[in-house]
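Scroll down for the structure; my scribbles are underneath it.
The values are calculated or read from the model by the stated rules, or taken from the named source; none is laboratory data. On a predicted model such as this, the values are computed, not experimentally measured, just so you know. Here the Cβ positions follow ideal geometry from the backbone for every residue, glycine too, while neighbour counts run over all protein chains shown. Ligands, DNA and RNA are stripped out before the accessible areas are found, and what is left, the full protein with its side chains, is counted by its heavy atoms. Shrake-Rupley method; radii C 1.70, N 1.55, O 1.52, S 1.80 Å.
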Amino acid sequence: MPDSTTASAAEGTTAAAPAKRSLGTGPGRLLVALYGIFTVAAASRSLYQLIAQFDRAPLAYGLSALSAVVYGFITFSLVRGGEGARRAAFACCALELLGVLGIGTWTLLDRSAFPDATVWSDYGMGYLFIPVILPVTGLMWLRRARTEQPA
(Lines give C-alpha, C1' and ligand atoms only; values in the text may rest on other atoms or scores of the structure.)
Protein backbone atom coordinates (compact mmCIF):
# COMPACT_ATOMS: atom_id res chain seq x y z
CA MET A 1 0.00 0.00 0.00
CA PRO A 2 1.65 3.30 -1.08
CA ASP A 3 1.90 6.11 1.43
CA SER A 4 0.60 9.64 0.74
CA THR A 5 4.07 10.88 -0.27
CA THR A 6 4.40 8.17 -2.92
CA ALA A 7 0.88 8.76 -4.20
CA SER A 8 1.44 12.50 -4.33
CA ALA A 9 4.77 12.08 -6.09
CA ALA A 10 3.06 9.97 -8.73
CA GLU A 11 0.61 12.83 -9.29
CA GLY A 12 3.44 15.36 -9.64
CA THR A 13 3.13 16.98 -6.20
CA THR A 14 4.68 16.29 -2.84
CA ALA A 15 2.83 16.02 0.44
CA ALA A 16 5.68 17.85 2.19
CA ALA A 17 5.09 21.12 0.30
CA PRO A 18 2.64 23.30 2.26
CA ALA A 19 -0.26 24.76 0.37
CA LYS A 20 -0.01 28.47 -0.34
CA ARG A 21 -2.61 30.08 1.88
CA SER A 22 -4.21 33.42 1.12
CA LEU A 23 -3.88 35.90 3.95
CA GLY A 24 -6.69 37.95 2.43
CA THR A 25 -9.48 35.55 3.35
CA GLY A 26 -11.96 35.94 6.18
CA PRO A 27 -11.06 38.96 8.32
CA GLY A 28 -8.01 39.41 6.11
CA ARG A 29 -10.32 40.71 3.36
CA LEU A 30 -11.09 43.78 5.44
CA LEU A 31 -7.36 44.32 5.98
CA VAL A 32 -6.72 44.03 2.24
CA ALA A 33 -9.48 46.54 1.53
CA LEU A 34 -8.28 49.03 4.16
CA TYR A 35 -4.63 48.72 3.18
CA GLY A 36 -5.62 49.11 -0.48
CA ILE A 37 -7.60 52.27 0.29
CA PHE A 38 -4.75 53.68 2.37
CA THR A 39 -2.26 52.86 -0.38
CA VAL A 40 -4.25 54.86 -2.91
CA ALA A 41 -5.02 57.70 -0.47
CA ALA A 42 -1.45 58.12 0.79
CA ALA A 43 0.10 57.69 -2.68
CA SER A 44 -2.18 60.16 -4.43
CA ARG A 45 -1.92 62.74 -1.65
CA SER A 46 1.85 62.52 -1.37
CA LEU A 47 2.39 62.46 -5.13
CA TYR A 48 0.43 65.68 -5.52
CA GLN A 49 2.21 67.28 -2.55
CA LEU A 50 5.66 66.22 -3.73
CA ILE A 51 4.99 67.66 -7.20
CA ALA A 52 3.06 70.82 -6.33
CA GLN A 53 4.18 71.74 -2.82
CA PHE A 54 7.54 70.07 -2.18
CA ASP A 55 9.22 73.22 -0.87
CA ARG A 56 6.49 73.71 1.75
CA ALA A 57 7.06 70.52 3.80
CA PRO A 58 9.42 68.02 2.12
CA LEU A 59 9.83 65.86 5.24
CA ALA A 60 6.09 65.44 5.76
CA TYR A 61 5.42 64.70 2.09
CA GLY A 62 8.33 62.28 1.86
CA LEU A 63 7.08 60.40 4.92
CA SER A 64 3.59 60.23 3.42
CA ALA A 65 5.11 58.72 0.27
CA LEU A 66 7.02 56.21 2.40
CA SER A 67 3.80 55.25 4.17
CA ALA A 68 2.15 54.66 0.77
CA VAL A 69 4.97 52.28 -0.20
CA VAL A 70 4.63 50.40 3.10
CA TYR A 71 0.84 50.18 2.69
CA GLY A 72 1.23 48.94 -0.87
CA PHE A 73 3.72 46.26 0.11
CA ILE A 74 1.49 45.02 2.92
CA THR A 75 -1.51 44.93 0.55
CA PHE A 76 0.50 42.94 -2.00
CA SER A 77 1.76 40.51 0.66
CA LEU A 78 -1.73 39.91 2.06
CA VAL A 79 -3.07 39.15 -1.41
CA ARG A 80 -0.09 36.98 -2.37
CA GLY A 81 -0.31 34.74 0.67
CA GLY A 82 2.09 32.04 1.75
CA GLU A 83 4.51 31.95 4.65
CA GLY A 84 7.16 34.19 3.07
CA ALA A 85 4.59 36.87 2.28
CA ARG A 86 3.18 36.55 5.80
CA ARG A 87 6.61 37.15 7.31
CA ALA A 88 7.25 40.13 5.03
CA ALA A 89 3.84 41.62 5.84
CA PHE A 90 4.45 41.05 9.55
CA ALA A 91 7.78 42.90 9.38
CA CYS A 92 6.19 45.78 7.42
CA CYS A 93 3.27 46.03 9.87
CA ALA A 94 5.78 46.24 12.72
CA LEU A 95 7.72 48.92 10.79
CA GLU A 96 4.46 50.75 10.11
CA LEU A 97 3.52 50.69 13.80
CA LEU A 98 6.95 52.05 14.75
CA GLY A 99 6.53 54.75 12.12
CA VAL A 100 3.09 55.77 13.36
CA LEU A 101 4.24 55.87 16.97
CA GLY A 102 7.50 57.64 16.15
CA ILE A 103 6.08 60.21 13.75
CA GLY A 104 3.00 60.66 15.91
CA THR A 105 5.15 61.47 18.92
CA TRP A 106 7.50 63.66 16.88
CA THR A 107 4.57 65.72 15.54
CA LEU A 108 3.34 66.31 19.08
CA LEU A 109 6.77 67.29 20.44
CA ASP A 110 7.99 69.45 17.54
CA ARG A 111 5.16 70.94 15.50
CA SER A 112 7.62 73.15 13.58
CA ALA A 113 9.22 70.09 11.97
CA PHE A 114 5.89 69.31 10.27
CA PRO A 115 4.31 72.44 8.81
CA ASP A 116 1.87 70.10 7.06
CA ALA A 117 0.44 66.80 8.27
CA THR A 118 1.48 63.31 7.22
CA VAL A 119 -0.68 60.21 7.25
CA TRP A 120 0.99 59.29 10.55
CA SER A 121 0.84 62.77 12.19
CA ASP A 122 -0.78 62.82 15.62
CA TYR A 123 -1.03 59.01 15.44
CA GLY A 124 -3.28 59.25 12.38
CA MET A 125 -5.83 61.59 13.93
CA GLY A 126 -6.62 63.06 10.49
CA TYR A 127 -7.59 59.56 9.37
CA LEU A 128 -9.70 58.66 12.45
CA PHE A 129 -6.68 56.94 14.07
CA ILE A 130 -6.93 54.12 11.54
CA PRO A 131 -3.16 54.41 10.83
CA VAL A 132 -2.40 53.33 14.41
CA ILE A 133 -5.16 50.72 14.62
CA LEU A 134 -4.40 49.12 11.24
CA PRO A 135 -0.89 47.80 11.98
CA VAL A 136 -1.96 46.43 15.37
CA THR A 137 -4.86 44.61 13.73
CA GLY A 138 -2.58 43.45 10.91
CA LEU A 139 0.01 42.08 13.35
CA MET A 140 -2.69 40.19 15.26
CA TRP A 141 -4.12 38.72 12.03
CA LEU A 142 -0.72 37.74 10.67
CA ARG A 143 0.25 36.13 13.99
CA ARG A 144 -2.99 34.16 13.98
CA ALA A 145 -2.47 33.16 10.34
CA ARG A 146 0.94 31.72 11.30
CA THR A 147 -0.51 29.55 14.03
CA GLU A 148 -3.12 28.19 11.62
CA GLN A 149 -0.51 27.02 9.08
CA PRO A 150 -0.41 23.24 8.64
CA ALA A 151 2.46 21.50 10.41
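Quick look at the values:
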quantity: Pairwise label distance in nanometres, Ser112 with Arg80, each label 7 Å out on the Cα-Cβ vector; calculated: 4.3 nm
quantity: Whole-Hz ³J(HN,Hα) from phi, Karplus 6.51 cos²θ - 1.76 cosθ + 1.60, for the stretch 109-119, glycine and proline x; calculated: 7, 9, 4, 5, 6, 10, x, 9, 6, 10, 4
quantity: Surface accessible to a 1.4 Å probe, Val40 within the full protein complex, Å²; calculated: 100 Å²
quantity: Within the stretch 71-151, GluC sites (Glu not before Pro) in DSSP loop having at most 13 other beta-carbon neighbours inside 10 Å; calculated: Glu148
quantity: In nm, spacing of pseudo-spin labels at Phe129 and Leu98 (7 Å Cα→C-beta vector); calculated: 2.4 nm
quantity: Relative pair counts by distance (%), Cα atoms of the stretch 17-95, 10 Å bins; calculated: 21, 41, 24, 12, 2, 0
quantity: Distribution of pairwise C-alpha distances over the stretch 22-151, 10 Å bins, in %; calculated: 14, 44, 28, 12, 2, 0
quantity: Segment Arg144-Leu47, extension gain: residue separation times 0.36 nm, minus the distance between their alpha carbons; calculated: 31.5 nm
quantity: Share of carbon and sulfur in the accessible heavy-atom surface of the stretch 15-98 [1.4 Å probe, %]; calculated: 73 percent
quantity: Filtered chymotrypsin sites (Phe, Trp or Tyr not before Pro), the stretch 46-138: DSSP coil and at most 16 other beta carbons within 10 Å; calculated: Phe54, Phe129
